[in-house]
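Each remark here refers to the structure printed beneath this line.
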Amino acid sequence: MGVIHVEGVSKIYNPDKIPVTALQGVSLTIEAGEFTAIVGPSGSGKTTLLNVIGGLDRPTSGRVAVGGHEITGLSDNELIDFRKEHIGFVFQAYNLIPVLTARENVSFVMLLQNRPAAEREARTQELLAAVGLEDQIDKRPAELSGGQQQRVAVARALAPKPAFILADEPTANLDSHSASNLLDIMARLNEEEGVTFLFSTHDQRVIDRARRVITLVDGAIARDEYRS
Amino acid sequence: MIYLMAWRNIWRNPTRSRVVILAIALGIWAALFMSGFATGMMRNYIQNAITNVVSHIQIHHPEYQADNNVRYTIPGADSLRKTLLAIPEVKAVSVRTLVNGMIASSQTARGVQVKAITPGEEATVGLSADKIVEGDFFAEDRKNNLLMSKKLADRLHVALRSKVVLTFQDLGGNITSAAFRITGLYAIGDEPFEEGHVFVRRQDLNRLLVADLTDSLNVEQHLAHEIALLLSTPDQVDPVQAELQKRLPGLRIETYREVAPDLRLYESQVQSVSWVYLIVIMLALVFGIINTMLMTVLERYKELGMLMAIGMNKWRVFRMIMLETLFLSLAGAPLGLLLGWGTITFLGHRGLDLSRFSDALAQFGMSNVVYFAVPQETYAQAVFILVCTAFLASLYPAWKAIRLRPVEAIRRI
Ligand SMILES: Nc1ncnc2c1ncn2[C@@H]1O[C@H](COP(=O)(O)OP(=O)(O)OP(=O)(O)O)[C@@H](O)[C@H]1O
Ligand SMILES: [Mg+2]
């Protein structure tokens, strides 16, 4: 059993009005240390799948287990706590709290976890250095470029030592240089620190960096291939 | 860090926040201004009532108040006056003889109370020369001079130097009459009092009261029904009263609040009035605060969704929005309090002259200049009510914030 285990998950939006089937019977397992891309045409269900895995949305049927914990039956507040402890998120945009500096953004989740100040401070320095922003730590998001903001978001997602990081189109708003820079950092963290990444993307250059590519079509897995 | 975030969040839209902060400051200022005005009016009214009518403390025979019979005299009143003047808190004492009777002019008659006084004593406690609008304050040394108000003179169709006849019951129970000449007209700005009271010399009235008695000379000197006291420290009224009551168990000692219960009522009413002002104004501000905070929450929909996605639970989000509301509301408090305090101190010193607007005040026994004042507690009241208001105003936006679903918020990214 892997770090993520999805079994027979379907998701139907608006079951009462005009039902939209976003996922149908998706099953997959992600092992620790993977660097996996979810691809597929627009509307194929990538975001829905990531949201269901991340406990942001509930599947209509099927089961999702993260690190051996079944999350399908948890309440809203239990899900929030679960996400805080076990899952790192990188969204397409609006990842950071605008009124906090890069440093404060990274320590924020650790603060929610009541980690001691010394540990927070040390880990924040270490993570911002790992994403190459050691000299930007006291800037607010508005003072950083889009690529820098996404790198802070990766550092922030890693801060609570989650089981894996979910990233829905993390490079969609970035120019190609920033995008490849972000990918370099993610790949290095994956190789050197063993961080598990599961991300969705449209971008062929990003797809080329993935070591496993899962293709969704109409809410179902059409292909699942490993690259060397 | 939630505190820091809440504080910084307020300044994300500085113009909007400044408007709210300013509105709150002005609201507090307005409430303090109105309380200061009301309290100033009250003190003005009470001060006038004390100097013109009731003084701080009155001493009577225990039965006098119920019956007003001339027989209920205060024994040894004049030597008691000297004892009273020796008390450090006592500033002035006036001994009075009182009778209820009839005053008649050639055309008409009315019931009045005759206050018989020794001019030198009375001037230090109640009626004095500066209240005389025509004639003088017992300046000539003739017998049977009388002071009445301008109002009463008009009612009786008499003028200065007219003769009037007083009729009353003497100590022997006989009806007696005497002619008095009007040598002065007074005005104190208290119509009911002015229409019902005339002043004569105590020696004149005492002589008439004891005319039938055999040892009249002896009684005449002692005869008095009322001793009125003015204190140098008005806030000592209650302890001084208690002390006097202990020393003079056979007499009734009353403070102005007992002599004129309407004054006490007025005092207590004004204290609650400042609560009413504050609550009404804050109620109006509540909607402004709620509106601003709702806008803030809606604008930050995505951000709040992200916060909940990465692990900030609902209670923490709720608390953050509440804190923001509290900070926003309380930020205006120091400014409002300072403005209010400044205004009250200034107008407490200089006074606000209302004579331009009306002389109506004078008709109710008040002076035309109002000196603003508020009890110290009013400032604490203002802060207390503001905190309650802010707390209430924070609940709805905070509740709105935690109702959002992170998936939907994030979808909109
Ligand atoms: N809240 C919703 N209500 C109704 N239908 C929805 C909702 N969210 C998504 N859908 C539908 O579900 C399907 C899958 O959407 P999803 O966003 O998961 O696709 P996607 O692969 O992420 O697309 P894209 O590449 O454009 O981001 C689409 O048909 C979409 O219209
Ligand atoms: Mg998507």
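Relative to the Cα centre, the charge distribution of chain B, modelled as +1 at Lys and Arg Cβ and -1 at Asp and Glu Cβ, gives a dipole magnitude of about 2500 debye. Each part reduced to its alpha carbon centroid, the range A:54-99 and the range B:61-77 end up 89 Å apart. Taken residue by residue and averaged, Cβ atoms of other chains lying within 10 Å of the Cβ of B:9-15 number 1.
Comparing mean-square fluctuations of B:Thr97, B:Thr39, B:Thr15 from a GNM of chain B with C-alpha springs under 10 Å, the top value falls on B:Thr15. Relative to a virtual label point 7 Å from the Cα of B:Ala159 in the Cα→beta-carbon direction, which members of the range B:94-132 show backbone nitrogen distances below 20 Å? Correct set: B:104-109, B:132.
Taking every full run of DSSP H in chain B, the ones that stretch at least 27 Å from end to end by Cα along their long axis and average 0.5 or higher on the Kyte-Doolittle scale are B:14-49, B:261-299, B:377-403.
Ordering B:Gly101, A:Phe199, B:Leu337 by Cα displacement along the dipole of the protein assembly as shown toward the positive end leaves A:Phe199 in first place; charges were set at the Cβ atoms of Lys, Arg (+1) and Asp, Glu (-1).
Accessible area of A:Thr101 (1.4 Å probe, protein heavy atoms only, ligands and nucleic acids ignored): about 20 Å². Averaging the Cα positions of each part gives two centres, and for the range B:104-159 and the range A:150-228 these lie 103 Å apart. Where only DSSP H runs of four or more residues are counted, chain A gives -10000 deg cm²/dmol as its mean residue ellipticity at 222 nm, each run worth -39500 (n - 2.57).
Our coupling estimate for the range B:89-94, obtained by passing each phi through the Karplus curve with A = 6.51, B = -1.76, C = 1.60 and θ = phi - 60°, is 6, 7, 8, 8, 9, 10 Hz, Gly and Pro reported as x. For the options B:Leu166, B:Leu304, B:Leu278, a Gaussian network treatment of chain B with springs between C-alpha atoms closer than 10 Å singles out B:Leu304 as fluctuating the most. When DSSP assigns beta bridges and you keep just the ones with both residues in the protein assembly as shown, what percent turn out antiparallel, to the nearest 5? Percent antiparallel among DSSP bridges in the protein assembly as shown is about 70.
Going by accessible surface with a 1.4 Å probe and the largest first, A:Leu111, B:Leu283 read B:Leu283, A:Leu111.
Taking the DSSP beta bridges with both ends in the range B:62-250, the antiparallel portion is around 75 percent. Taking each of B:Lys82/B:Lys246; A:Lys84/B:Lys302; A:Lys11/A:Lys46; B:Lys143/B:Lys163; B:Lys115/B:Lys151; A:Lys139/B:Lys400 in turn, the alpha-carbon distance tops 20 angstrom for A:Lys139/B:Lys400.
Highest-first packing order for the peptide set B:241-252, B:73-84, B:390-401 is B:390-401, B:73-84, B:241-252, based on the mean count of other beta carbon atoms within 10 Å.
Solvent-accessible area of A:His69, all protein chains in place: 90 Å² (probe radius 1.4 Å, heavy atoms, ligands and nucleic acids excluded). In the Gaussian network model of chain B, springs joining C-alpha atoms below 10 Å, which of B:Ala66, B:Ala178, B:Ala333 carries the largest mean-square fluctuation? Maximum fluctuation in the GNM of chain B, among the listed residues, is at B:Ala66. Restricting the range A:1-69 to trypsin sites (Lys or Arg not before Pro) that sit in a DSSP loop and have at most 10 other Cβ atoms within 10 Å of their own Cβ leaves A:Lys17.
Modelled this way, with points 7 Å down the Cα-to-C-beta line, the labels at A:Asp208 and B:Ser177 are 13.1 nm from one another. Across chain A, the relative contact order, built from alpha-carbon pairs under 8 Å that are at least six residues apart, equals 29 percent.
Give me the percent of accessible area attributable to carbon and sulfur for the range B:21-67, probe 1.4 angstrom. Here it works out to 67 percent. Normalising the average separation of contacting C-alpha pairs (under 8 angstrom, six or more residues apart) by the number of residues puts the relative contact order of the range B:99-200 at 38 percent. In chain B, helical runs assigned H by DSSP with n ≥ 4 each contribute -39500 (n - 2.57); averaged across all residues and rounded to the nearest 500, the mean residue ellipticity at 222 nm is -17500 deg cm²/dmol. Give, rounded to the nearest 20 debye, the magnitude of the charge dipole that chain A has about its Cα centre when Lys and Arg contribute +1 at Cβ and Asp and Glu contribute -1 at Cβ. Its charge dipole is roughly 200 debye. The label point for B:Met102 and the one for B:Asp130, both projected 7 Å from the Cα toward the Cβ, are 3.9 nm apart.
Label positions at B:Glu89 and B:Ala284, each projected 7 Å from the Cα along the C-beta direction, are separated by 4.2 nm. By definition, a body whose alpha carbon gyration tensor gives a ≥ b ≥ c is oblate when a/c is 1.5 or more and a/b is not larger than b/c, and the range B:62-250 fits this oblate description. Peptide A:93-101 has a mean shielding of 6, counted as Cβ atoms of other protein chains within 10 Å of each residue's Cβ. Exposure check, 1.4 Å probe, all protein chains in place: A:Ser75 carries approximately 50 Å² of accessible surface. For chain B, the relative contact order comes to 27 percent (Cα pairs under 8 Å, sequence separation of at least 6).
The values are calculated or read from the model by the stated rules, or taken from the named source; none is laboratory data. All values reported here derive from a predicted model rather than from experimental measurement. Note that we place each Cβ from the backbone using ideal geometry, even for glycine, and neighbour counts take in every protein chain shown. Ligands, DNA and RNA are excluded from the accessible area calculation, which covers all protein heavy atoms including side chains. Shrake-Rupley method; radii C 1.70, N 1.55, O 1.52, S 1.80 Å.
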